[in-house]
Amino acid sequence: MRVPIYQIDAFTDKVFAGNPAAVCPLDTWLNDLTMQSIAAENNLAETAFFVSDETGEADFHLRWFTPTVEVDLCGHATLASSALIFDDLMPERDEVSFRTRSGVLRVRRDGDYCVMNFPSYPPAPRKTPEGLYEALGTTPVSLFDAPQEPERDRLMAVLENEDQVRALRPDFGLLKKLPTVSVMVTAPGWQVDFVSRYFAPNHGIEEDPVTGSNHCLLIPYWAERLGKKELLGRQISARGGELKCSLKGDRVEMAGRAARYLSGHIEI
């Protein structure tokens, strides 16, 4: 069997930056074990698979897999899937919709940008899990999670400034022992509204380069704190990436560009 595969760098306009995602458009679903095995073989933060949506709720049914698990929401692989559809599969379209575990997600084309409309998950204060400060190597100013998030499995730690976020060197062995799946760290930026990093060793990802889904929490938090609904965020991983962000009531929008790195086929 030959399965088409594309590797696309999301939240950047050039290859070797942003967050790489694999995208596999399918005629019909492969079995879950095969899709998980492909994601593990790709060894990227996310591999996206989509088919035409048989329910009529959306244009496509979209699923995302890390090297170890299927996840409920992924931003960069959604952006990569949309860029492939707009550039190659359906160039006449300016909007596409996906049925996902997190509801119907819509993406529109705006020049070189793909603008994703996602749910907003306003964060709320969270009791600190034992061992978090030791695992991060720092003491956050405040700690949150998102009560509306389906699995409520990620934390948001707020630091004082961008330099502290850049300097973090977490102990991933200790992070894997925490009773939560992942931790994002954020602070005000020197040249942008806010910066962030994201650590998810329990998802098979020590540090994710650019994480769209985190911005479902980051956007409502920083919009309230800064008193503005239009924001520029930067994820300051080694590869790095920028997101043009907007708060739209109970939804958020994230705009980013994408760069094609690879096109080919998987032989299975």
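The values are calculated or read from the model by the stated rules, or taken from the named source; none is laboratory data. Treat the numbers as computed from the prediction; the structure is a model and nothing was measured. In this analysis, Cβ positions are derived from the backbone assuming ideal geometry, glycine residues included, and neighbour counts consider all displayed protein chains.
Of all residues in the stretch 211-268 being among the β-branched types (V, I, T), surrounded by 24 or more Cβ atoms within 10 Å (Cβ to Cβ) and modelled with pLDDT of 95 or more, which is nearest to D193 (Cα to Cα)?
Selected residue: I219.
Of these, T66, T100, T128, which one is in contact (Cβ under 8 Å) with a residue 60 or more places away in the chain and closer than 30 Å to V183 by Cα?
Criteria check complete, one pass: T66.
Which condition does W190 not pass, out of (1) touching a strand residue (DSSP E or B) at 6+ places or on another chain (Cβ under 6 Å); (2) part of a loop (DSSP other than H, G, I, E, B); (3) aromatic (F, W, Y), if it passes all the others?
(1)
What strands (runs of 3 or more DSSP E), lying completely within the stretch 1-103, carry at least 1 residues that are among the aromatic types (F, W, Y)?
Once the strands (runs of 3 or more DSSP E) in the stretch 1-103 are filtered for at least 1 residues that are among the aromatic types (F, W, Y), what remains is 2-10, 46-52, 60-65, 95-100.
Tell me, which residue of the stretch 193-206 that is assigned to a helix (DSSP H, G or I) and of a type outside the set (S, T, N, Q) is surrounded by the fewest Cβ atoms within 10 Å (Cβ to Cβ)?
Only one residue tops the list, namely H203.
Name the single residue that is nearest to S182 (Cα to Cα) among those in the stretch 36-59 being crowded, with 24+ Cβ neighbours inside 10 Å and not aliphatic (A, V, I, L, M).
Among them, the one singled out is E46.
Here are some residues: L159, L155. Which one is free of Cβ contacts under 8 Å to residues at least 60 places away in the same chain, surrounded by 14 or more Cβ atoms within 10 Å (Cβ to Cβ), farther than 14 Å from P125 by Cβ and among the hydrophobic types (A, V, I, L, M, F, W, C)?
Only one candidate passes the filter, namely L159.
I'd like the full set of residues that are assigned to a loop (DSSP other than H, G, I, E, B) and charged (D, E, K, R), limited to the stretch 127-164.
Of everything in the stretch 127-164, those that are assigned to a loop (DSSP other than H, G, I, E, B) and charged (D, E, K, R) turn out to be K127, E130, E149, E151, R152, D153, E160.
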